[in-house]
Amino acid sequence: MSTILLIEQILNGLQFGVMLFLMAAGLTLIFGVMGLINLAHGSLYMIGAFAAAAVAGWSGNFLLALIASLIAAAIFGVIVEMTVIRRLYKRDHLDQVLATFALILIFSEATRWTFGSFPLFLDIPAVLKGTVILPGGIEYSLYRLTIILIGLAVALGLYLLISKTRVGMRIRAGENDREMIGALGVDISVLYTMVFALGAALAGLSGALVGAIQSVEVGMGEPVLILAFVVIVIGGIGSIRGALAGAILVGLTDTLGRTLLPVLFSSFMDGSAATTVGSALASMLIYILMAGVLIFKPTGLFGSA
Amino acid sequence: MISKNAKRTVKALGAATALALSLGQVAVADGHAGKLKVGMLTTLTGGGAGLGVDIRDGFLLAIEQSGNAGIEVVVEDDQRKPDIAVQVADKMIQSEKVDILTGIVFSNLALAVAPSATAQGKFYISPNAGPAQLAGRGCHENYFNVAWQNDGPHEAAGATANKMGIKKAFIWAPNYPAGQDALTGFKRTFEGEVAQEVFTKLGQTDYAAEIAQMRASDADGIFFFAPGGMGISFLKQYADSGVDLPLVGPAFSFDQTILPAVGAAAEGVLNTAQWAPDLDNDASRAFVESFKEAYGRIPSIYAQQGFDTGLLIASAATKADVKDADAFRAALREADFTSTRGDFKFGNNQHPIQDFWVRKVIQLDDGTFINTAVEVALEDRQDVYATECALDW
């Protein structure tokens, strides 16, 4: 395997990780601040992708589509928070899982009714099409590079929001002691709705970004949701920093595992068998990673003890 | 708060994942009380739902056109999950008392359901999945396949790759029974050299890593099998990757269910199947017309296979009572219906002997993308497993 290929695969892993981060950040934020397990997060991702595809089909403008995905997911987030989620904060985690699972079914079927069973068309905008040559002669997709940059920018933005602003201070306070900040006169329900909308918007953005290079279809959110759970468990539940580290770790492990394991196995097995065994093992790799992390750090890499 | 609830949280997360993995189920039932009951078990939700919907719609259209009020159809969703498929199939057989099961799209599900259905004395008539395991030694007198044995379209793609002048092929497929059959089928007819062989996860949506391997390989062509959403994702990402090796594949990777979502990225690509929407015969023309009128879209090969499956069952129902299994089986074997693909007959393993066509993706004047039939790739092709099947009739 050449160095160029290896670097390209590392970039691919990074891009996959960054996408996972956008999903996991919202999930972990919502869990950290409100103690809520939100299975419907994958549906918000799907809503973002469908909103983007619909707006792009109508206007032909990708930027408008991205904005639409943010707004649509945030609006649905707020509606869901105010009608359903709000009643769940004081309930057991299992109740939350059950209720938000019901939301997945409702959102999936509603989307199917609205848009039909067949995948929608959403394409990369013309300015981001094609490839760029990176230093060292690596040819890489401009769109994927853009995704990496957007993801890192969101990570930086979230960091600044949470550590430097008044809202961020309240979010941190909410994580630590919910009763106390309520007693200090902060309107906790507005704060919760805001955090939920922020998480939803990030999921929607991620759905729209990914929708342009994947298939925009009903049920697209659930596989990503499972990976996002793996990410926040590895990173430590409730920690944004953990979500970033976990996401990139999972992205790199999965991508590099997929390409390196079959090569590794073919050094001592015959071609077809090596491919089969290697790819079978590669698909388990992130779960093995998760189990490994949990053995040594049961609360995750950045989880508070 | 986190520390106190850590244990419960992990428990709840476990439950969360289990729930997310087993998305709910939707049932649609229609039809009338009658003497022949068909269980249509197919993928109607989640990824791959478009394929199941097409099979169902094509099938129901054929039953409706047969005008036989004695055929009742029960429709259920398998969610593309083997465990759900087995559960629903058992429910259909034991409490709904269906006589025939049909509908499954994916081979791993068919392998879980078909043997147990036939073991319980029911007929299983496959409108799509044709895994090698059920065509050779594992063939069964109550198992019929109206579509193809899985290898067929891929063998035709191998022959097409030879014609295209591909000498070193990069080949990949998802890692599940039909994916393995795909690569085996392709390699059987492809005369060049295989540069690299890759298996991906079933349902994988990001192919950046595989595309990077294609770029680094010295292949001069790519063969791939990626049904449903996987094909959409791959084609979009491939078109944007700057790799411009010629693509060839079975129709599943370029079918009518995915062309609208892929757009121009698929234009001009050659792919192989037993049928194309513009195939030159009366049965096909009538089918395409009536399907468009009923559902407002161009039928895919899945719809065509569902339709032919419906025709086959309806034809057998006019000749024999399904309760007399031997007579009904004999009626099925005759395949006395006008297939939309032209010539059609069953081999001894109850899989089709048929032509495979090369099709090309073109854009029509109104902007829609469609597959047009180019030429016959393999004529009167029978699968290689038939010789291993002990059935003799």
Exercise. Which numbered condition trips up B:Phe234, out of (1) free of Cβ contacts under 8 Å to residues at least 40 places away in the same chain; (2) surrounded by fewer than 24 Cβ atoms within 10 Å (Cβ to Cβ); (3) more than 8 Å from every other protein chain (Cβ to nearest Cβ)?
Worked result: (2)
For this session: Take A:Ala203 and decide whether it is open to solvent by 10 Å² or more (accessible area, probe 1.4 Å), under 15 Å from the mean Cα position of the chain (by Cα) and more than 13 Å from chain B (Cβ to nearest Cβ).
Result: no
Problem set entry | Single unsatisfied condition, A:Phe115 versus (1) within 11 Å of another protein chain (Cβ to nearest Cβ); (2) buried (at least 16 other Cβ atoms within 10 Å of the Cβ) | (1)
Exercise. Restricting the search to the range A:119-137, which residues are open to solvent by 50 Å² or more (accessible area, probe 1.4 Å) and in contact with a Lys or Arg (Cβ under 8 Å, 6 or more places away or on another chain)?
Worked result: A:Asp123
For this session: May I ask you to say which residue of B:Ala110, B:Ala129, B:Ala117 is aliphatic (A, V, I, L, M), in contact (Cβ under 8 Å) with a residue 24 or more places away in the chain, farther than 20 Å from B:Ser253 by Cβ and open to solvent by less than 20 Å² (accessible area, probe 1.4 Å)?
Result: B:Ala117
For this session: Could you tell me whether B:Gly296 is within 14 Å of chain A (Cβ to nearest Cβ), on the phi > 0 side of the Ramachandran plot and out of contact with any strand residue (DSSP E or B) (no Cβ under 8 Å at 6 or more places or on another chain)?
Result: yes
Exercise. Restricting the range A:171-196 to residues that are closer than 20 Å to A:Ile237 by Cβ and in contact (Cβ under 8 Å) with a residue 12 or more places away in the chain, which is surrounded by the most Cβ atoms within 10 Å (Cβ to Cβ)?
Worked result: A:Phe196
For this session: Given the conditions (1) open to solvent by 20 Å² or more (accessible area, probe 1.4 Å); (2) not in a helix (DSSP H, G or I), report the number of the one that A:Leu70 does not fulfil.
Result: (2)
For this session: Test A:Val33 against the criterion of being more than 18 Å from A:Glu109 (Cα to Cα) and open to solvent by less than 20 Å² (accessible area, probe 1.4 Å), and give yes or no.
Result: yes
Problem set entry | Checking A:Gly219 against (1) within 11 Å of chain B (Cβ to nearest Cβ); (2) open to solvent by 30 Å² or more (accessible area, probe 1.4 Å), the condition it does not meet | (2)
Exercise. Can you tell me which residue in the range A:138-149 is least open to solvent (accessible area, probe 1.4 Å), limited to those that are farther than 16 Å from B:Leu235 by Cα and not hydrophobic (A, V, I, L, M, F, W, C)?
Worked result: A:Tyr140
Exercise. Taking B:Ser290, is it more than 11 Å from every other protein chain (Cβ to nearest Cβ), surrounded by 24 or more Cβ atoms within 10 Å (Cβ to Cβ) and part of a helix (DSSP H, G or I)?
Worked result: no
For this session: Please identify the pairs in which a residue from the range B:343-366 that is touching a residue at least 60 places away in the same chain (Cβ under 8 Å) has its Cβ atom under 9 Å from the Cβ atom of a residue that is part of a loop (DSSP other than H, G, I, E, B) and basic (Lys, Arg), counting only partners at least 6 apart or on another chain.
Result: B:Pro352/B:Arg341; B:Gln354/B:Arg341; B:Asp355/B:Arg341; B:Trp357/B:Arg341
Exercise. Hey, which of the strands (runs of 3 or more DSSP E) in the range B:23-82, taking only ones fully inside, have at least 2 residues that are within 14 Å of chain A (Cβ to nearest Cβ) and either over 20 Å from the mean Cα position of the chain (by Cα) or at pLDDT below 90 (or both)?
Worked result: B:27-30
Exercise. Which residue out of B:Thr160, B:Thr205 is among the hydroxyl-bearing types (Ser, Thr, Tyr) and in a helix (DSSP H, G or I)?
Worked result: B:Thr160
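Conditions (1) hydrophobic (A, V, I, L, M, F, W, C); (2) closer than 30 Å to B:Arg215 by Cα; (3) assigned to a loop (DSSP other than H, G, I, E, B), marked per residue:
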| residue | (1), (2), (3) |
| --- | --- |
| A:Ile10 | yes, yes, no |
| A:Gly13 | no, yes, no |
| A:Leu22 | yes, yes, no |
| A:Asn38 | no, no, yes |
| A:Met46 | yes, no, no |
| A:Val80 | yes, no, no |
For this session: Just need a number here: residues in the range A:1-21 that are within 10 Å of the chain's Cα centre (by Cα) and more than 7 Å from every other protein chain (Cβ to nearest Cβ).
Result: 5
For this session: Could you please let me know if A:Ala54 is in contact (Cβ under 8 Å) with a residue 24 or more places away in the chain, of a type in the set (A, V, I, L, M, F, W, C), touching a helix residue (DSSP H, G or I) at 6+ places or on another chain (Cβ under 7 Å) and under 30 Å from B:Gly48 (Cβ atoms)?
Result: no
Problem set entry | Out of B:Asp181, B:Asp244, sole residue that is assigned to a helix (DSSP H, G or I) and of a type in the set (Asp, Glu) | B:Asp181
Problem set entry | Residue, most open to solvent (accessible area, probe 1.4 Å), within the range B:193-214, restricted to residues that are farther than 26 Å from A:Pro119 by Cβ and of a type outside the set (Gly, Ala, Ser) | B:Glu193
Exercise. Going by the conditions given, is A:Ile234 touching a Lys or Arg at 6+ places or on another chain (Cβ under 6 Å), within 14 Å of another protein chain (Cβ to nearest Cβ) and either open to solvent by less than 10 Å² (accessible area, probe 1.4 Å) or polar (S, T, N, Q) (or both)?
Worked result: no
Exercise. So which residues in the range B:216-231 are at the interface with chain A (Cβ under 9 Å from one of its Cβ atoms) and either within 24 Å of A:Leu122 (Cβ to Cβ) or crowded, with 24+ Cβ neighbours inside 10 Å (or both)?
Worked result: B:Gly228, B:Gly229, B:Met230, B:Gly231
For this session: For the range A:103-112, enumerate the residues that are within 9 Å of another protein chain (Cβ to nearest Cβ) and over 20 Å from the mean Cα position of the chain (by Cα).
Result: A:Glu109, A:Arg112
Exercise. Which one of the conditions (1) touching a Leu at 6+ places or on another chain (Cβ under 7 Å); (2) open to solvent by less than 20 Å² (accessible area, probe 1.4 Å) does B:Pro82 fail to meet, given that it meets all the rest?
Worked result: (2)
Problem set entry | Hits in the range A:118-164 (condition: part of a loop (DSSP other than H, G, I, E, B) and β-branched (Val, Ile, Thr)) | A:Ile124
Problem set entry | Test: residue in the range A:250-273 that is crowded, with 24+ Cβ neighbours inside 10 Å and either over 22 Å from B:Met230 (Cα atoms) or more than 10 Å from every other protein chain (Cβ to nearest Cβ) (or both) | yes
Exercise. Residues B:Lys201, B:Lys168: which one is assigned by TED's automatic domain parsing to the domain that holds B:Gly242, out of contact with any Asp or Glu (no Cβ under 8 Å at 6 or more places or on another chain) and of a type in the set (Lys, Arg)?
Worked result: B:Lys201
Exercise. Any chance the range B:249-261 includes a residue that's in a helix (DSSP H, G or I) and surrounded by fewer than 24 Cβ atoms within 10 Å (Cβ to Cβ)?
Worked result: yes
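The values are calculated or read from the model by the stated rules, or taken from the named source; none is laboratory data. All values derive from a computational prediction rather than experimental measurement. Here Cβ is always computed from backbone atoms with ideal geometry, including for glycine, and neighbour counts include all displayed protein chains. Keep in mind that these areas ignore ligands, DNA and RNA; they rest on the heavy atoms of the full protein, side chains included. Shrake-Rupley method; radii C 1.70, N 1.55, O 1.52, S 1.80 Å.
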